[in-house]
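Data first, discussion second: the structure below is written as C-alpha cells.
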Amino acid sequence: MNNDKLLEELRAQRELIQKHLQWLNENIAALDNKEATSETTDKKLTSKLREAASEKLAAPESAATPEILNNDELDKEFGKYKAPAGNDFMRAKIGCLVLFVLSTLLFLFLLFGLPYLLD
C-alpha cells in the first residue's frame with residue numbers, strides 16, 4: 001500500500017519536473033530569438049511566470065509533503081541507531097583525562113627514567 005502511494009508521488013514529481021523543463025526550454029528559446037523585441041519577450045516571460053505561480057498555488061500542499069516522513073515504522077527503525085546523549089560526554093571526558101595522564105607519564109619516563117637505564 002505504501003509502495004502505491006510512493007509510486008504515485010514519484011510520478012507526480014516527474015510530471016512537475018517535465019513541466020519545469022518545458023518551461024525552461026521555452027524561456028531559453030525566447031531569449032535566444034534575436035528577432036523578438038524585448039517587450040514581447042518580457043510579456044511572454046511574465047505571463048509564463050504568472051501561469052507557473054498559479055499552478056504552484058493551485059497544487060495541494062499534501063502532495064508536496066511526503067507521507068514517508070510521518071511513518072511511525074521509520075521512527076522505530078531509526079530509533080535503534082540513536083546513541084545515548086548524556087553518556088557520550090562523560091566517556092569523552094574520561095578518555096581525554098586518561099590520555100593526558102598516560103602521555104605525561106611517558107614524557108616523564110623518557111625524560112628521567114630512560115637516561116638512568118642507558119647508563
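The values are calculated or read from the model by the stated rules, or taken from the named source; none is laboratory data. Please read all numbers here as calculations on a predicted model, not as lab measurements.
Okay, here's what the table says:
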| quantity | calculated |
| --- | --- |
| Which numbered condition Lys56 fails, given (1) farther than 30 Å from Leu31 by Cα; (2) part of a helix (DSSP H, G or I); (3) modelled with pLDDT of 65 or more | (1) |
| Failed condition for Lys34, given (1) at pLDDT 70 or above; (2) in a loop (DSSP other than H, G, I, E, B) | (1) |
| Unique residue being among the hydrophobic types (A, V, I, L, M, F, W, C), modelled with pLDDT under 90 and part of a helix (DSSP H, G or I) when the list is Leu110, Leu74 | Leu74 |
| Residue within the range 88-106 that is modelled with pLDDT under 85, under 30 Å from the mean Cα position of the chain (by Cα) and not hydrophobic (A, V, I, L, M, F, W, C) present | yes |
